[in-house]
Amino acid sequence: MGLLEGKTALIFGVANKRSIAWGITQAMHREGAKIALSYGLPQLERRVRPLAEEVGADFVELCDVSDDAQIEAVFEKVGQQLGKIDILVHSIGFADRDDLMGRFVDTSRAGFKMALDISAFSFTALVRAALPHFNEGASALTLSYYGAAKAVPAYNVMGVAKAALEASVRYLAADLGPDGIRVNAISAGAIKTLASSGVSGFRSMFSEFARISPLKRNMTQDEVGNSAVYLCSDWASAVTGEIHYVDAGANIIGFTLPEEDA
């Protein structure tokens, strides 16, 4: 029997096979969860529907998480088609490409608002909408990145948004703990996804993180998915408000020497 047998997982953010959300989806499906998916843009439907078929997901809904009306509509369908859910996964982040280049100090007001809204506030909005639909002992999970804790080149406003997201995890965990609902985040290392392709210099960063990490490699979608299964399973029943790093240990390294000097 899988770790998530009998549980229903609603996963926001699958865009294609390289999405971290897809790695989480596959892992949760493998462990017995019933899968429901939501994608953010109409043009992604042609990619997401075949993936949904792979994991037997009949619930596949469009949702622009910056629109409260669309969030409400999706959860109305959740009530009608799924009844209750046990797991909510938020794997969503977006910033204007221009704000991921150059200096953070040049971030536009509009770009700042959009990044914080879509990448951070949307998690709170989804959790709030999910509350009437959560089973006892439910859990919510979001995806962060090391740029929330330290300044990372070219991550800019997304780093600020992820910092707000991580703070939201702690406040949501404190709010919802008395109701038995757990809230956590995974801070995943460098993975080649549609989102990361928008960060200037990502290819160099990808190689550098592999060089400095204690395990001397980057992590995989599957490894992030396995950690997500743990955090959303009964094995983590006393874990909430945590930022769980899955980055081959890169976050523990404070200083490295050039290879020729090491």
TODO: State, to one decimal in nm, how far the label point of Gln80 lies from the label point of Asp222, with both points 7 Å from Cα in the Cβ direction.
DONE: 3.9 nm
- [ ] Could you tell me whether segment 6-148 comes out rounded, prolate or oblate from its Cα gyration tensor? Rule is a ≥ b ≥ c as square roots of the eigenvalues, rounded for a/c under 1.5, then prolate if a/b exceeds b/c, otherwise oblate.
- [x] prolate
- [ ] Set the Förster radius R0 to 25 Å, insert the Cβ-Cβ distance between Met1 and Leu131 as r into 1/(1 + (r/R0)^6), and round the FRET efficiency to 0.05.
- [x] 0.30
Task: Dipole magnitude of segment 8-248, debye to nearest 20 (Cβ charges: Lys/Arg +1, Asp/Glu -1, about Cα centre) - done: 860 debye
Open item on the list: Can you list residues from other chains, or at least 5 along the same chain, whose modelled amide H is less than 5 Å from the amide H of Thr8?
Closed with: Lys34, Asp86, Ile87
Task: Whole-Å distance, taken between Cα centres, linking segment 236-256 and segment 73-105 - done: 22 Å
Open item on the list: Using the basic label-point model (7 angstrom from Cα toward the beta carbon), what is the Gln43 to Arg109 distance in nanometres?
Closed with: 3.0 nm
- [ ] Check cross-link reach from Lys84 to the aspartates and glutamates: straight Cα distance under 12 Å, and skip same-chain residues fewer than eight apart.
- [x] Glu76, Glu136
Open item on the list: Using Cα-Cα distances under 8 Å and only pairs 6 or more residues apart, what relative contact order does segment 8-248 have, in percent?
Closed with: 21 percent
TODO: Taking only Cα atoms and a 10 Å spring cutoff, compute GNM fluctuations for the chain and point out the largest among Tyr245, Tyr171, Tyr155.
DONE: Tyr171
- [ ] Quickly work out the Arg18-to-Asp234 label distance, labels modelled 7 Å from Cα along the C-beta direction, and quote it in nm with one decimal.
- [x] 3.9 nm
Open item on the list: Past 26 Å, Cα to Cα: identify those pairs from Lys7/Lys77; Lys34/Lys216; Lys150/Lys216, in the order given.
Closed with: Lys34/Lys216
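Bear in mind that the values in this text are calculations on the coordinates, not laboratory data. Quick caveat, the model's predicted, so the values are computed rather than measured. Quick reminder, even Gly has a Cβ in these numbers, built from the backbone with ideal geometry, and neighbours come from all protein chains shown.
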